[in-house]
Each structure stands twice: as structure tokens, then as C-alpha cells.
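The values are calculated or read from the model by the stated rules, or taken from the named source; none is laboratory data. The structure displayed is predicted, hence computed values, not measured ones. For neighbour counting, all protein chains shown are included, and Cβ atoms are generated from backbone atoms with ideal geometry for every residue, glycine included.
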Amino acid sequence: MNDNDMELDPVVYIVIGRVWTTDDGTPDDAIAIHAMLTAADDDDAVRKTLEALSGQGYVEAELDQIGVMDGEPDDPTYEGAYQDALAGNVAVITFEGE
């Protein structure tokens with residue numbers, strides 16, 4: 001068996017940032033988000049995240065951090081999102097009022 005025969009697990013990214021539903025929002029109006037998705041690289045992850053956020057009606061976004069998940073999360077908040085990401089979706093978790 002060579003490296004090409006081995007099936008690699010998809011890379012699941014987590015993108016952390018803030019979004020607004022209006023273009024004149026203030027920092028107090030921001031909604032914190034965590035997005036989980038599979039992507040080819042960091043740039044693809046950012047592009048897919050911004051497209052998903054736009055599709056959900058957010059007009060402005062500031063993405064602060066991007067990272068790669070090291071396996072399935074233990075926190076129940078992220079379990080469904082991780083599975084959605086593995087299925088090829090962009091899972092967006094919002095933290096309003098935090």
C-alpha cells in the first residue's frame with residue numbers, strides 16, 4: 001500500500017469572528033460566531049465562511065481566527081456542527097448577547 005491508497009480524513013477548520021446584520025453596526029451590535037467546515041486550505045475556508053454568512057443575511061463580518069480541529073470536539077455545542085462540516089456543509093454557531 002502506498003500513500004495514495006490511504007484515505008485521509010478531511011480537514012475541518014474552525015473560523016472565529018463577529019458578524020452584523022446591518023452595515024452600520026457598532027461593536028455592541030456584533031454577534032460572535034464560530035464556523036466549522038471542510039476546505040482545501042485557509043483561503044478556501046475563509047471564502048466559504050464569508051459566502052455562508054452572506055447567505056444567512058449577515059452584511060458585515062470580521063474574522064479573527066482560523067484553525068484546524070484536532071478530532072471531534074468534546075463540547076456538545078460543537079458536536080452537530082462538526083458532523084455537518086464533515087458532511088460538506090458550513091456550520092455556523094452564533095453566540096448572541098455574549
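Taking the range 65-98, which residues are of a type in the set (S, T, N, Q) and either at pLDDT 95 or above or within 13 Å of the chain's Cα centre (by Cα) (or both)?
Scanning the range 65-98 gives 65, 83, 89, 94.
Between a first residue in the range 1-24 that is hydroxyl-bearing (Ser, Thr, Tyr) and surrounded by fewer than 17 Cβ atoms within 10 Å (Cβ to Cβ) and a second residue that is at pLDDT 95 or above and part of a loop (DSSP other than H, G, I, E, B), which pairs have beta carbons less than 8 Å apart while being 6 or more apart in sequence or on different chains?
21/57; 21/58; 21/59; 22/59
Would you mind telling me which numbered condition in (1) within 19 Å of residue 30 (Cβ to Cβ); (2) in a strand (DSSP E or B) residue 57 fails?
The number of the failed condition is (2).
Return the total of residues in the range 42-54 being of a type in the set (A, V, I, L, M, F, W, C) and farther than 25 Å from residue 28 by Cα. Break it down stepwise before answering.
Of the residues in the range 42-54, the ones of a type in the set (A, V, I, L, M, F, W, C) are 45-46, 50, 52-53.
Narrowing further to those that are farther than 25 Å from residue 28 by Cα: 45.
Residues in the range 42-54 being of a type in the set (A, V, I, L, M, F, W, C) and farther than 25 Å from residue 28 by Cα: 1 in total.
Select from the range 68-98 the residues that are touching a strand residue (DSSP E or B) at 6+ places or on another chain (Cβ under 8 Å) and among the hydrophobic types (A, V, I, L, M, F, W, C) and list them in ascending order.
Matches in the range 68-98: 68, 69, 81, 85, 86, 90, 91, 92, 93, 95.
Would you pick out the residues in the range 31-50 that are within 17 Å of residue 62 (Cβ to Cβ), aliphatic (A, V, I, L, M) and either surrounded by 17 or more Cβ atoms within 10 Å (Cβ to Cβ) or in contact with a helix residue (DSSP H, G or I) (Cβ under 7 Å, 6 or more places away or on another chain) (or both)?
31, 33, 35, 45, 46, 50
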